[in-house]
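The values are calculated or read from the model by the stated rules, or taken from the named source; none is laboratory data. It should be emphasised that the depicted structure is a prediction, and the values quoted were computed from it without experimental measurement. FYI the Cβ positions are ideal-geometry reconstructions off the backbone, even for glycines, and counts take in every protein chain you see. Surface accessibility is based on the protein's heavy atoms, side chains included, excluding ligands, DNA and RNA. Shrake-Rupley method; radii C 1.70, N 1.55, O 1.52, S 1.80 Å.
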Amino acid sequence: MIDRVLKAIITASVGLMALLYVAHNIANLPQAFDFFVYTTSHTDQEAYPVTILPVPPKFLIVAGMIVVFGLEFLAGLGGLFGAWKLWGMRNASAAEFEAAKKWAKIAMGAAVLNWWGLFQGVAIAGYQLWQMPLGQGPFDGSWVYGGMAMMTLIYLGQRESELAS
C-alpha cells in the first residue's frame with residue numbers, strides 16, 4: 001500500500017512542477033521567446049564556435065516553443081490527473097491499479113521527452129547551450145527535472161502485488 005501512495009504523491013509532485021514551469025513560461029512569453037532566440041543564435045559560443053545546427057527562422061522557434069510548452073503542459077496536467085487516478089485506485093486490485101497508471105506514465109514520458117530529449121538533446125548538445133553564459137541553469141535544471149521524471153516513470157513501471165487486506 002505504501003508504494004501505491006508514494007507513486008501517487010511523487011507523480012503529483014513532478015506533475016505540479018511541470019505545470020508551474022509551463023505557467024511561468026506563458027506568464028513570461030516575450031522573455032521566453034527571447035531566450036529561445038538567444039539559445040539558437042550561436043551567440044556566446046567561444047569554446048566550440050562552430051555549431052552544426054543552423055540558426056532557425058522565427059516561425060521554427062515559435063513551433064519549438066509550442067512543442068516544449070505542450071509537453072510541459074501534458075506532463076503537468078497528465079501528471080496531476082494520473083496521480084489522482086492512482087490515488088483513487090490505491091485500494092484496488094493489482095490489475096486495476098496497473099491500468100490506472102496510464103496517464104501517470106504518459107505524463108512522465110512527456111516530461112522525459114521534453115527535458116532530456118529536447119533540452120539535453122537539442123538545446124544542450126545540438127545548439128551547445130552548455131557553453132553560453134545563460135545556459136547553465138537550463139543545462140543543470142533539465143538534467144534534474146528529466147531525472148526526476150525518469151525515476152518516477154521507472155517506479156511507476158514496477159508492478160503491484162495484490163493487497164493483503
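Can you tell me the accessible area per residue over the chain, all protein chains present, probe 1.4 angstrom, in square angstrom?
On the way: 8850 Å² over 165 residues.
Here the residues of the chain average 54 Å² of exposed surface.
Hey, any idea what % of the chain's accessible area is carbon plus sulfur with a 1.4 Å probe?
Numbers: 6410 of 8850 Å².
Carbon plus sulfur share of accessible area: 72 percent.
What percent do you get for the relative contact order of the chain when only Cα pairs under 8 Å and 6+ apart count? Could the numbers behind the result be given before it?
Values: 211 pairs, mean separation 52.0, N = 165.
Computed value for the chain: 32 percent relative contact order.
Please report, in debye to the nearest 20, how large the charge dipole of the chain is about its Cα centre when each Lys and Arg carries +1 at its beta carbon and each Asp and Glu carries -1 there. Could you put the intermediate results ahead of the total?
Details: 9 positive and 10 negative charges, 96 e Å.
Magnitude of the dipole: close to 460 debye.
Answer with one residue from Gly82, Asn28, Val112: the one whose Cα lies farthest towards the positive end of the charge dipole of the chain, charges on Cβ with Lys, Arg +1 and Asp, Glu -1.
Final value for the positive-end residue is Gly82.
FRET efficiency for Gln136 and Ile2, Cβ-Cβ distance as r, R0 = 35 Å, nearest 0.05? It would help to have the intermediate numbers written out before the result.
Details: r = 37 Å, r/R0 = 1.07.
After rounding to 0.05, the efficiency reads 0.40.
Find, to one decimal place in angstroms, the Kirkwood hydrodynamic radius of the range 1-137, where the mean of 1/r is taken over every pair of different Cα atoms and then inverted.
Values: mean 1/r = 0.0613 Å⁻¹.
When all Cα pairs of the range 1-137 are included, the Kirkwood radius is 16.3 Å.
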